[in-house]
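Heads up: the structure comes next, in structure tokens.
The values are calculated or read from the model by the stated rules, or taken from the named source; none is laboratory data. Computed from a predicted model, the values in this text were never measured in an experiment. So basically every Cβ, Gly included, is an ideal-geometry build from the backbone, and we count neighbours across all protein chains shown.
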Amino acid sequence: MTHSKLHIPGPVEVSEKTFRAMTTPMVGHRSADFQELYGRIQPSLQSLFQTKQLVFLSTSSAWGVMEGAIRNCVQKKVLNCMCGAFSDKWLDVSRRCGKEAEGLEVAWGSPVLPEMIDKKLETGEFDALTLVHNETSTGVLNPLSDIASLKEKYPEIMFIVDTVSSFSVVDIPFDQLGIDVLLTGSQKALAMPPGLALFTVSPAALERAATTPDRGYYFDFVEFQKNAEKNMTPSTPSISHIYALESKLEDIFSEGMEARFERHATLSERVRHWATEQGFTLFPDAGYESRALTCINNGAKAGGRTIDVPTLQKRVKEAGVTIDGGYGKIKGKTFRLSNMGDETQESIDTLLGILDDSLKGL
Ligand SMILES: *Cc1c(COP(=O)(O)O)cnc(C)c1O
């Protein structure tokens with residue numbers, strides 16, 4: 001089978017170097033070798049999360065920790081900020097965990113704004129909120145630092161933030177923001193295979209967890225903390241992923257975090273520019289466009305060009321690239337191009353060249 005290069009917003013393309021790291025021979029997860037491995041990468045993880053807290057590694061997809069955060073941090077009622085497929089689902093997941101939950105919903109394509117959240121929190125009903133920083137389904141980047149500044153007014157409310165498709169794309173200084181849970185997954189911006197989630201929690205979140213009943217075992221934050229203090233995980237982790245992570249951390253710090261943010265800014269700008277040059281409009285409200293992916297409108301209704309998205313996908317695939325044809329209720333009405341992970345000026349130019357050819361006569 002010939003490989004079709006992934007430009008979908010997750011999983012994204014994984015480098016040879018990362019795959020090679022995964023073939024490192026196995027060690028026991030309770031061995032000194034494993035502790036040495038986790039201990040060796042912990043300082044880099046803390047630099048990446050910009051925190052003094054320990055960074056936890058969960059062998060699950062991001063949803064594991066998203067659900068876990070609800071089970072650990074919600075005692076009274078959670079406010080789920082909803083602006084797309086992933087953030088909408090978090091309301092459903094909260095209720096499935098047996099929690100009181102309410103949605104704060106904005107139209108897909110729009111951001112969740114701090115004043116909307118403030119109004120809800122003022123009711124005094126909530127002890128936690130969830131926010132998806134970069135809503136991957138709509139390509140909207142929510143104003144995290146403005147939202148996080150509400151934490152000062154509501155110190156008792158747990159701020160749980162999903163950064164699955166923004167982590168290492170834009171600056172997210174966990175300690176400085178003062179939020180309580182920050183989580184991400186391996187297969188999006190970190191460009192590793194799916195299967196690992198990374199997260200960190202505030203001391204307040206650990207305290208909350210310790211008094212929250214029925215938080216289970218697998219995602220118990222207190223267990224993660226206790227084990228991480230010994231450079232271990234509560235259960236057997238995907239050690240191969242941790243080797244891949246070590247390799248990825250090398251990549252990130254040899255490029256430099258600032259340079260990495262800059263690269264994503266430049267590449268996403270390039271894709272947005274291409275889209276408008278081609279006669280399309282962008283799905284997100286102006287000023288809130290993601291730097292990890294571009295969600296492009298299809299159709300005159302949106303004030304732009306109309307194409308047949310499945311035909312575009314098919315043509316692009318024949319040229320060796322996979323793109324996304326829109327997610328959930330905006331499938332076919334949008335298409336998405338990812339510039340997450342290891343993409344370069346050159347690789348994005350190649351993608352845009354293929355798209356130019358594929359759009360001819362469409
Ligand atoms: C992909 C994604 C998820 C879900 O990740 P899984 O790895 O499938 O659990 C959650 N949130 C956002 C913003 C995502 O992009």
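Please tell me if K89 is modelled with pLDDT of 95 or more, under 18 Å from T138 (Cβ atoms) and either within 16 Å of the ligand (Cβ to nearest atom) or surrounded by fewer than 24 Cβ atoms within 10 Å (Cβ to Cβ) (or both). In short, yes.
In this structure, T123 does not qualify as crowded, with 24+ Cβ neighbours inside 10 Å, outside the structural domain of K333 (by TED's automatic domain parsing) and away from the ligand (no atom under 16 Å from the Cβ). Applying a threshold of 9 Å to beta carbon distances and a minimum spacing of six or more residues, or different chains, the list of pairs starting in segment 72-93 at a residue that is under 19 Å from P114 (Cα atoms) and in the same structural domain as F126 (by TED's automatic domain parsing) and ending at one that is hydroxyl-bearing (S, T, Y) and more than 13 Å from the ligand (Cβ to nearest atom) reads V78/S94; N80/S94; C83/S110. Counting the residues of segment 309-362 that are within 27 Å of D88 (Cβ to Cβ), of a type outside the set (F, W, Y) and part of a loop (DSSP other than H, G, I, E, B) gives 8. Within segment 196-223, the residues that satisfy the criterion of being within 16 Å of the ligand (Cβ to nearest atom) and either surrounded by 18 or more Cβ atoms within 10 Å (Cβ to Cβ) or assigned to a helix (DSSP H, G or I) (or both) are L196, A197, L198, F199, F219.
Contact map, segment 154-175: first residue over 18 Å from K248 (Cβ atoms) and outside any loop (DSSP other than H, G, I, E, B), second residue of a type in the set (S, T, Y) and within 16 Å of the ligand (Cβ to nearest atom), Cβ cut-off under 8 Å, separation 6 or more or different chains; pairs are I160/T130; V161/T130; D162/S87; D162/T130; D162/T184.
Okay, residues lined up against (1) surrounded by 19 or more Cβ atoms within 10 Å (Cβ to Cβ); (2) among the polar types (S, T, N, Q); (3) more than 20 Å from N134 (Cβ to Cβ); (4) not assigned by TED's automatic domain parsing to the domain that holds K89:
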{"site": "R305", "(1), (2), (3), (4)": "no, no, yes, yes"}
{"site": "L312", "(1), (2), (3), (4)": "no, no, yes, yes"}
{"site": "T322", "(1), (2), (3), (4)": "no, yes, yes, yes"}
{"site": "D342", "(1), (2), (3), (4)": "no, no, no, yes"}
{"site": "L352", "(1), (2), (3), (4)": "no, no, yes, yes"}
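The set of residues from segment 126-153 being part of a loop (DSSP other than H, G, I, E, B), in contact (Cβ under 8 Å) with a residue 40 or more places away in the chain and away from the ligand (no atom under 15 Å from the Cβ) comprises F126, D127, P143. Just one of the listed residues (L131, L79) is more than 30 Å from I242 (Cβ to Cβ) and within 20 Å of the chain's Cα centre (by Cα), namely L79. Taking segment 1-86 and the helices (runs of 4 or more DSSP H) fully enclosed by it, the elements with 3 or more residues that are surrounded by 20 or more Cβ atoms within 10 Å (Cβ to Cβ) are at 32-49, 62-73. For segment 147-178, the set of residues classified as over 21 Å from E262 (Cα atoms) and surrounded by fewer than 24 Cβ atoms within 10 Å (Cβ to Cβ) consists of A148, S149, L150, K151, E152, K153, Y154, P155, E156, I157, D175, G178, listed by residue number. So, L91, is that one of a type outside the set (D, E, K, R) and over 19 Å from F219 (Cα atoms) or not? Judged against the criteria, L91 is not a match.
Only one entry of D180, D171 meets the criterion of being among the acidic types (D, E), farther than 16 Å from A292 by Cβ and away from the ligand (no atom under 16 Å from the Cβ), and that entry is D180. Of E135, E115, E105, all but one fail to be farther than 28 Å from G332 by Cα and either surrounded by 24 or more Cβ atoms within 10 Å (Cβ to Cβ) or among the charged types (D, E, K, R) (or both); the exception is E115. Being among the β-branched types (V, I, T) and either in a loop (DSSP other than H, G, I, E, B) or more than 22 Å from the chain's Cα centre (by Cα) (or both): is that true of V93 here? The answer is no for V93. Looking across R272, R263, R291, one residue alone is assigned to a helix (DSSP H, G or I), charged (D, E, K, R) and in contact with a Ser or Thr (Cβ under 6 Å, 6 or more places away or on another chain). It is R272. Quick one: would you say I70 is under 30 Å from E246 (Cα atoms), more than 16 Å from the chain's Cα centre (by Cα), within 15 Å of the ligand (Cβ to nearest atom) and at pLDDT 95 or above? Judged against the criteria, I70 is a match.
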